[in-house]
Amino acid sequence: QVQLVESGGGLVQAGGSLRLSCAASGIIFSGGAVRWYRQAPGNQRDLVATVAYGGNTIYADSVKGRFTISRDTAKNTVYLQMNSLKPEDTAVYYCNVARGMTQYWGQGTQVTVSS
């Protein structure tokens, strides 16, 4: 059974930093791409960052230069380091893995950035 567990969210002032973690069981992260999404109230779920199978990283324009996605193979964990946070980064952040036709999601972690 695949399980993704996000952690690290919280309340931070604008300009601050947070590091989100996504720990996996039942699936090996290094076997494919891992993605972070976010969803603000009333909005669709948007792709924030991807770490590909080969380790390449891709970011949404809105977070380029501020967020860094990384993967710890030994811990089977993916991180999202978020710096220079802005109020518009406020959202629930979700970890996502796709294997074949199946999508796996974590429960999400709330990030709130105050101005």
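Out of all DSSP beta bridges in segment 54-109, what portion is antiparallel? Express it as a percent rounded to 5.
Here the antiparallel bridges make up roughly 100 percent for segment 54-109.
Using a probe radius of 1.4 Å on heavy atoms only, what accessible surface per residue do you get for the chain? Whole Å² is fine.
52
Which of Val34, Val12, Val97 ends up with the largest GNM mean-square fluctuation for the chain, with Cα atoms connected below 10 Å?
So, out of Val34, Val12, Val97, the one fluctuating most is Val12.
In terms of modelled amide H atoms, which long-range or inter-chain residues lie less than 5 Å from the amide H of Thr90?
Result for Thr90 returns Val113.
For the chain, what's the radius of gyration and Dmax over Cα atoms, in angstrom?
Answer for the chain, Rg first and Dmax second: 13.3, 41 Å.
Taking Cα centroids, how far is segment 67-91 from segment 94-113 in Å?
Taking the Cα centre of segment 94-113 as reference, the centre of segment 67-91 is 13 Å away.
For segment 91-101, in order, what is each residue's ³J(HN,Hα) by Karplus, 6.51 cos²θ - 1.76 cosθ + 1.60 with θ = phi - 60°, in whole Hz (x at glycine and Pro)?
Working through the residues one at a time gives 4, 8, 9, 10, 8, 9, 9, 10, 10, x, 8 Hz.
Tell me, what % of the accessible area of the chain is carbon and sulfur with a 1.4 angstrom probe?
48
Pick out which of Ser70, Ser62, Ser21 has the largest mean-square fluctuation in a Gaussian network model of the chain, springs linking Cα atoms closer than 10 Å.
Ser62
Calculate one ³J(HN,Hα) per residue across segment 28-40 by plugging θ = phi - 60° into the Karplus curve 6.51 cos²θ - 1.76 cosθ + 1.60, and present them in order as whole Hz with x for glycine and proline.
Couplings: 9, 4, 6, x, x, 6, 10, 10, 10, 10, 9, 9, 8 Hz.
Starting from the 7 Å offset along Cα-to-Cβ, what nm value, one decimal, do you get for the label separation of Lys75 and Ala40?
2.9
So which residue, out of Thr73, Thr50, Thr90, gets the largest mean-square fluctuation from a GNM of the chain using Cα contacts under 10 Å as springs?
Comparing Thr73, Thr50, Thr90 in a Gaussian network model of the chain, the most mobile one is Thr73.
What is the chain's relative contact order, in percent, from Cα pairs under 8 angstrom and six or more apart in sequence?
Relative contact order for the chain comes out at 37 percent.
Among bridges DSSP assigns within the chain, what percent are antiparallel (round to 5)?
That works out to approximately 90 percent antiparallel.
Using amide H atoms built in the peptide plane, which far-off residues or other-chain residues are under 5 Å from Val48 H to H?
The list, which skips near neighbours in sequence, is Trp36, Tyr37, Arg38.
Given the protein chains as shown and a 1.4 Å probe, how many square angstrom of Ser25 are accessible, to the nearest 10?
Solvent-accessible area, nearest 10 Å²: 50 Å².
The values are calculated or read from the model by the stated rules, or taken from the named source; none is laboratory data. Computed from a predicted model, the values in this text were never measured in an experiment. Cβ: placed from backbone, ideal geometry, glycine included. Neighbour counts: every protein chain shown. The accessibility values were calculated without ligands, DNA or RNA, using every heavy atom of the protein model including side chains. Shrake-Rupley method; radii C 1.70, N 1.55, O 1.52, S 1.80 Å.
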